[in-house]
Each structure stands twice: as structure tokens, then as C-alpha cells.
1. Among (1) in a helix (DSSP H, G or I); (2) touching a Pro at 6+ places or on another chain (Cβ under 8 Å); (3) modelled with pLDDT under 85, there is one condition Leu41 misses while meeting the rest; what is its number?
2. Could you list all residues from the range 95-135 that are within 19 Å of Pro26 (Cβ to Cβ), open to solvent by less than 20 Å² (accessible area, probe 1.4 Å) and assigned to a loop (DSSP other than H, G, I, E, B)?
3. Checking Arg79 against (1) farther than 18 Å from Leu30 by Cα; (2) open to solvent by 20 Å² or more (accessible area, probe 1.4 Å); (3) among the charged types (D, E, K, R), which single condition isn't satisfied?
4. For Leu261, indicate whether it is crowded, with 19+ Cβ neighbours inside 10 Å, of a type outside the set (Phe, Trp, Tyr), in contact with an Asp or Glu (Cβ under 6 Å, 6 or more places away or on another chain) and modelled with pLDDT under 85.
5. Can you tell me which of Ser211, Ser156, Ser170 is within 22 Å of Phe35 (Cα to Cα) and polar (S, T, N, Q)?
6. Any idea how many residues of the range 283-313 are under 24 Å from the mean Cα position of the chain (by Cα), charged (D, E, K, R) and farther than 13 Å from Leu372 by Cα?
7. Residues Leu202, Leu181: which one is open to solvent by less than 80 Å² (accessible area, probe 1.4 Å) and either closer than 30 Å to Val120 by Cα or at pLDDT below 75 (or both)?
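The values are calculated or read from the model by the stated rules, or taken from the named source; none is laboratory data. Treat the numbers as computed from the prediction; the structure is a model and nothing was measured. Counting neighbours? That spans all protein chains shown, and the Cβs are built from the backbone with ideal geometry, glycine included. Just so you know, the surface numbers come from the protein's heavy atoms only, side chains and all, with ligands and any DNA or RNA stripped out. Shrake-Rupley method; radii C 1.70, N 1.55, O 1.52, S 1.80 Å.
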Amino acid sequence: MKPFNKTLLRWRNRLLPDELELGWTPFYMLGYLVFVFMPALFTGSSGFGGAPRGMPEMFWPATLASIVVFLPLYFAAYRSTGIGVIVCMLGIAAIGYALLPINPFSNTYIIFAAGFAAYVGRALVQRMAWMAGILAAFLVEIVALGYPIFIGAITSIIVVAVFFGNHFFSESTRKRAELKLSHDEVRRLAALAERERIGRDLHDLLGHTLSLVALKSELAGKLIDRDVHAARREIDEVTRVSREALAQVRRAVTGIRAAGLGAELASARLMLESDGVAFRYAIGDASLSAEVETVLALAVREAITNILRHARAGTADVSLEVRGDEAVLVVSDDGRGSDVMPGNGLTGMRERIEALGGSLRVDSQAGRGTRLELRVPIEADDGVIGNTAPSSRWALR
């Protein structure tokens, strides 16, 4: 079964560009082609190879040929931009116009063409002009052929609905892309600012120290021939200053590597609410070590990423409490839930937690969302770091 699924996905990716992220929707839309065969159902048929009674003899050959011509244009429209989309759109509309004298349900092609008009140009007025032109030509042909006017009326209603549906989907996709670019730019600027801060900190930290080391080394070199004991004291001082500098650098690097829980929660709110997911979190004033905070922050990052990618949730919640000698982090959502298949992210999360002697519990049921509970022991120099105050003190942000 898996090789078959891979083959389907490979063919889908060949027909539709991955960046559109449309999934199987364009293939489901092809189901509307069944309407071009509706005259055969209404009038009866003398067989697949013959024409339906009351319909022209060319009904079946022309209708089947129209689908053969339509499908390449349909998929080409998704892969084209600019003038290419216009050519495909007009080609699909031309199929509808050509087939209309033989098949009154060829308005299906007009609806497809008007749907693609929502992707032509940037201004809504320009798109509406294409839609109106396609529809007007169809209405003129309806009147010329003497078809009932209600066919034109129904077609007009559907065309307008499909056009604006595709227009709003196109605008939503564009805004999501712009938002993603803005997020990427914010991250890039934040990373640049952080690099500059690290550079300044290291300059301030090491500049004076290295100058002192250079000065004392030079002094020791001058004293070594005249006063060995004084030179040795200077060398010992160089050793002491170097060790202090190394300790300071290690502390600085530890601070740089540590991921802040507050920063992750702020980033989570930005990403979730921009995707239409309501986000709430409750944290207290517990004093966490850098190592524990980093593990919890990375867990929040992974959980929020999974909610965005898979959950289809409306709300998400994060809470952090300190119970006794444990920090308890809970991340939950009201999404679709499912049987949990451990991936690299969840496996890495569990490994980091267990490395600190903690545990991870995942509860996920179809239709009832997902809940992650992380427990990490907190130890301090004096026994326990944390606040064991009741939950009422944990404020919603």
C-alpha cells in the first residue's frame, strides 16, 4: 500500500506545484465534470457508444473530447503565471462555448474558467473584468441558442460564488506568504541583533582581560633576566587572570545557549494567533536553572510547531507549575488529535527530558485534541528551586 501511496504523491507533485500547498483539492474539484454528462441522465441513453435520445449524435464524442482537451489546460493553469494562466483560462472557456450547442451542461467549463479568473492579475477589478467577460460571452450564446434563461441565471450565481471563493483563498494564501516572510525577517533581524550583542559582550569581557594578559606577559619577559621571583609572580598572575577569563567565557556561552521560556511563549503567541489559533499561557515566578529552562523552552517550541502543522486547533494552552521538587509543563490543544507516531521532534523532546530524570506523557485522541505533560525535577544548591504556592497565583498572560 505504501508504494502505491508514494506513486500517487509523485504523480500529484508532477501535476501540481508543491509551493501552492493545495493537496488533493484540485483533484476533488474534477468531480464536477460529472455535470457535463447530466443530459444523458435526463434524456436516457441508447448506450455509451450511442447518442442520448433527444440529443445530437455528436454528444458523446464531443463531450469526451472536451475532457481530453480540458485536463491538460486545467493542470497547466495551476503551474502557470501571468499570461500562461490567461491562456489556459480562455482555452477552458472556449471549450465551454464550443460544446454549448451540443451539450447545455458545458457551463461547467465556464465555471472552471471563471474560477481561474480569480488568479489573473493583482487588482480585484481586473479579475472581475475577466470573470464578467467570460460570463457575458456565455450569456450571449445562451440567448442566441434559445436555451432557457434560467441556465444563464444559475450559471451566473455559481460563477460569482466560485470566483469570490477563489479570490479570497488567493488573498489568504498571499497574506500567509507575506506573514511568513515577515516572520523570517524578524527572526533574521533578531539573530543579527543577538550576534551583535554577543560580539559586544565578548569584546567587553575579553578586551580588558587580554590587554592585561599581554601587559603582564611583556613585563614578565623584561623581569626574567633581572628578577626571577618578580617575573614568576607576573606569570602566576597571568595564569590566574586567564583562568578567570575562561570561567567568564563559559558562563557567557551557557547563557547564550540557553533558550528562554518567556521568549518561546511570545514567539508561540505570534505564530499561533497569526494562524487563527487562540493562545493562552500561565506561568509563575519559579526560578529555573538554565538547563531546565532550556529543555522546557525547546519542548514548547516543538509542541507549538506540531500544533501549527497537524492539529488544526482553535485554541492552545500552556501552563507551568512547580509541584514540590518538580516543574510540570502542560501543553494542550483542542485539535483533531490522532494516534501519536513518535517522530524526531517528539523523540528528541523525550530524550532531553529523560536526561534530566524527568518524564513525558502524551494523551491524544481523535477529535479530542492532544495534551503533553512534562515533569522535570528541579534541584538547587539549597535543596529546591521553585515556588510551591497554590495555582491561583499563576497569572494568565
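1. That leaves (2) as the condition not met.
2. Ala118, Val120 - these are the residues of the range 95-135 that are within 19 Å of Pro26 (Cβ to Cβ), open to solvent by less than 20 Å² (accessible area, probe 1.4 Å) and assigned to a loop (DSSP other than H, G, I, E, B).
3. Of everything listed in (1) farther than 18 Å from Leu30 by Cα; (2) open to solvent by 20 Å² or more (accessible area, probe 1.4 Å); (3) among the charged types (D, E, K, R), Arg79 misses just condition (1).
4. Numbers: crowded, with 19+ Cβ neighbours inside 10 Å: yes; of a type outside the set (Phe, Trp, Tyr): yes; in contact with an Asp or Glu (Cβ under 6 Å, 6 or more places away or on another chain): yes; modelled with pLDDT under 85: yes.
In short, yes.
5. Numbers: Ser211 fails: within 22 Å of Phe35 (Cα to Cα); Ser170 fails: within 22 Å of Phe35 (Cα to Cα).
Selected residue: Ser156, the only one of Ser211, Ser156, Ser170 that is within 22 Å of Phe35 (Cα to Cα) and polar (S, T, N, Q).
6. Residues in the range 283-313 being under 24 Å from the mean Cα position of the chain (by Cα), charged (D, E, K, R) and farther than 13 Å from Leu372 by Cα: 2 in total.
7. Leu202
Conditions (1) among the charged types (D, E, K, R); (2) at pLDDT below 75; (3) open to solvent by less than 90 Å² (accessible area, probe 1.4 Å); (4) farther than 30 Å from Arg122 by Cα, marked per residue:
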{"position": "Thr7", "(1), (2), (3), (4)": "no, yes, yes, yes"}
{"position": "Pro17", "(1), (2), (3), (4)": "no, yes, yes, no"}
{"position": "Trp24", "(1), (2), (3), (4)": "no, no, yes, no"}
{"position": "Tyr28", "(1), (2), (3), (4)": "no, no, no, no"}
{"position": "Gly54", "(1), (2), (3), (4)": "no, yes, yes, yes"}
